[in-house]
């Protein structure tokens with residue numbers, strides 16, 4: 001047995017229509033499906049919702065639930081905002097820069113470009129407060145991935161014992177990325 005792929009990933013939103021329009025305008029995602037119910041299908045609980053689905057490319061689907069009868073959205077106060085995020089891959093650095101300019105021109109605050117060694121990213125928030133990342137591959141991505149593959153188990157083992165960042169992959173940040 002082996003999982004084929006992710007069917008969809010679902011998050012909560014404050015306003016389904018606003019969310020769909022924002023993802024269309026800011027990230028070029030197509031709106032593919034809407035489901036509205038008065039009862040939760042799995043539990044039969046009364047809880048009306050709107051469930052919207054967006055095409056995130058190559059069979060990946062990003063979905064949102066608007067839940068008007070539930071308390072206002074929140075986030076885990078014990079988890080830093082930089083941890084929980086949705087990351088999308090873009091073709092290359094030129095496209096990453098295009099997105100950065102497009103987002104900023106539309107009033108979105110963008111952090112980055114951040115060099116992660118094998119990829120480069122920008123970060124921003126959607127209208128629901130979800131942190132998003134757009135990442136493009138580094139020209140040396142294949143070599144970096146090969147080197148990371150060689151040290152992954154040693155890194156995990158060292159981390160498990162010490163809960164301190166092992167230095168097996170220090171090569172990732174041995175150079176600076178310039179915009």
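The values are calculated or read from the model by the stated rules, or taken from the named source; none is laboratory data. What you see is a predicted model, and the numbers here were worked out from it, not measured in a lab. Cβ atoms come from the backbone with ideal geometry, glycine included; neighbour counts cover every protein chain shown.
Counting the residues of region 130-149 that are under 21 Å from the mean Cα position of the chain (by Cα) and either crowded, with 16+ Cβ neighbours inside 10 Å or at positive phi (or both) gives 9.
Conditions (1) at pLDDT below 95; (2) over 22 Å from residue 56 (Cβ atoms), marked per residue:
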| position | (1), (2) |
| --- | --- |
| 82 | yes, no |
| 86 | no, no |
| 89 | no, no |
| 97 | no, no |
| 102 | no, no |
| 125 | no, no |
| 142 | yes, yes |
| 174 | yes, yes |
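Scanning region 80-96 for residues that are part of a helix (DSSP H, G or I) and touching a residue at least 40 places away in the same chain (Cβ under 8 Å) turns up 93, 95, 96. The criterion of being out of contact with any strand residue (DSSP E or B) (no Cβ under 7 Å at 6 or more places or on another chain) and touching a residue at least 40 places away in the same chain (Cβ under 8 Å) holds for residue 60.
Within region 76-96, can one find any residue that is in contact with a helix residue (DSSP H, G or I) (Cβ under 9 Å, 6 or more places away or on another chain) and farther than 18 Å from residue 19 by Cα? If you could, list the steps in order and put the result at the bottom.
First, pick out the residues of region 76-96 that are in contact with a helix residue (DSSP H, G or I) (Cβ under 9 Å, 6 or more places away or on another chain): 88, 90.
Narrowing further to those that are farther than 18 Å from residue 19 by Cα: 90.
Yes, the conditions are met somewhere in region 76-96.
Yes/no matrix, rows are residues, columns are (1) within 17 Å of the chain's Cα centre (by Cα); (2) exposed (fewer than 13 other Cβ atoms within 10 Å of the Cβ); (3) within 14 Å of residue 131 (Cα to Cα):
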residue	(1), (2), (3)
67	no, no, no
80	yes, yes, yes
84	yes, yes, yes
87	yes, yes, yes
90	yes, no, no
94	no, yes, no
104	no, no, no
108	yes, no, yes
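Residues of region 97-129 that are in a loop (DSSP other than H, G, I, E, B) and at positive phi: 107, 117, 129.
If you filter region 37-65 down to residues that are assigned to a loop (DSSP other than H, G, I, E, B) and within 23 Å of the chain's Cα centre (by Cα), you find that the one that is nearest to residue 18 (Cα to Cα) is 56. Taking the stated definitions as given, is residue 17 in contact (Cβ under 8 Å) with a residue 12 or more places away in the chain and not in a loop (DSSP other than H, G, I, E, B)? For residue 17, the condition - in contact (Cβ under 8 Å) with a residue 12 or more places away in the chain and not in a loop (DSSP other than H, G, I, E, B) - is not met.
Of the residues making up region 130-147, one or more are within 18 Å of residue 21 (Cα to Cα), not assigned by TED's automatic domain parsing to the domain that holds residue 17 and not in a loop (DSSP other than H, G, I, E, B).
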